[in-house]
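Read the structure below first, then the notes.
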Amino acid sequence: MKDTKQYILDTAFNLFLKKTFKEVTMKEIVAATALSKGAFYHYFSSKEQLFREIVETYYVTQILIGYEQFDQRSLKTFYNDYLNYADRKENARETEEDSNVNYFSLVFEATRLFPETKAKFAENDRIETKIWAEVIANAKKSNEIKSEMSDKDIAKIFLFSVDATSLRL
């Protein structure tokens, strides 16, 4: 039973990445999953509930990168680990059937439809900024970098550059 629900989530997630929430129809979801409407409604009460669970499953609970896997002894090693991680994710994305996806559009739509998700994304941003700022602080202490800018401001430069790169893909 859980496999069918996950299959619906995965299939609908791919549809929502290619089209807006409004553009994706129940008919498309049912056709793409090859399930009956009754089977769909066994797992989800509506397209809205499905979209909410997609946002929770793919963004809110998985948006944070597992920074604990990165070597935080220096900014250089941390950033190299981060870049390797990003390359692996990008390579995985390139192997998808259709790479014409827009992750940011889905996030913007989710925050418009479900305002409470904005707070969850903000909390994730706060956590990421804190982790990067700690790495920057250590890099300053070890004289790896020298800057009058605050650790938080430098951290945001790294995070914003990652976001900007993602928008260009």
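I'd like to verify a number: residues in the range 105-126 that are at pLDDT below 90 and farther than 14 Å from Phe21 by Cβ, how many?
Looking only at that region, the number is 10.
Do we have any residue at all in the range 21-41 that's in contact (Cβ under 8 Å) with a residue 40 or more places away in the chain, within 19 Å of Phe114 (Cβ to Cβ) and exposed (fewer than 14 other Cβ atoms within 10 Å of the Cβ)?
No, every residue in the range 21-41 fails to be in contact (Cβ under 8 Å) with a residue 40 or more places away in the chain, within 19 Å of Phe114 (Cβ to Cβ) and exposed (fewer than 14 other Cβ atoms within 10 Å of the Cβ).
Kindly list the number of the only condition in (1) buried (at least 18 other Cβ atoms within 10 Å of the Cβ); (2) of a type in the set (Phe, Trp, Tyr); (3) in contact (Cβ under 8 Å) with a residue 60 or more places away in the chain that fails for Phe78.
It is condition (3) that Phe78 fails.
For the subset of the range 117-150 comprising residues that are of a type in the set (S, T, N, Q) and open to solvent by less than 60 Å² (accessible area, probe 1.4 Å), which member is farthest from Leu75 (Cα to Cα)? Lay out the reasoning, then the answer.
Filtering the range 117-150 for residues of a type in the set (S, T, N, Q) gives 117, 124, 129, 138, 142-143, 147, 150.
Subset that is open to solvent by less than 60 Å² (accessible area, probe 1.4 Å): 117, 124, 129, 147, 150.
Values: Thr117: 31, Asn124: 21, Thr129: 14, Ser147: 14, Ser150: 15 Å.
Within the range 117-150, the match that is farthest from Leu75 (Cα to Cα) is Thr117.
Those residues that are open to solvent by less than 30 Å² (accessible area, probe 1.4 Å) and either modelled with pLDDT of 85 or more or under 30 Å from Ser147 (Cα atoms) (or both), I need them from the range 48-64; list them, please.
Going through the range 48-64, the residues open to solvent by less than 30 Å² (accessible area, probe 1.4 Å) turn out to be 50-51, 54-55, 59-60.
Selection gives Leu50, Phe51, Ile54, Val55.
The values are calculated or read from the model by the stated rules, or taken from the named source; none is laboratory data. Just so it is clear, the model here is predicted, and its values are computed rather than measured. Please note: Cβ atoms are built from the backbone with ideal geometry, for glycine as well, and neighbour counts cover all protein chains shown. Note: accessible area is taken over every heavy atom of the protein model, side chains too, but ligands, DNA and RNA are not part of it. Shrake-Rupley method; radii C 1.70, N 1.55, O 1.52, S 1.80 Å.
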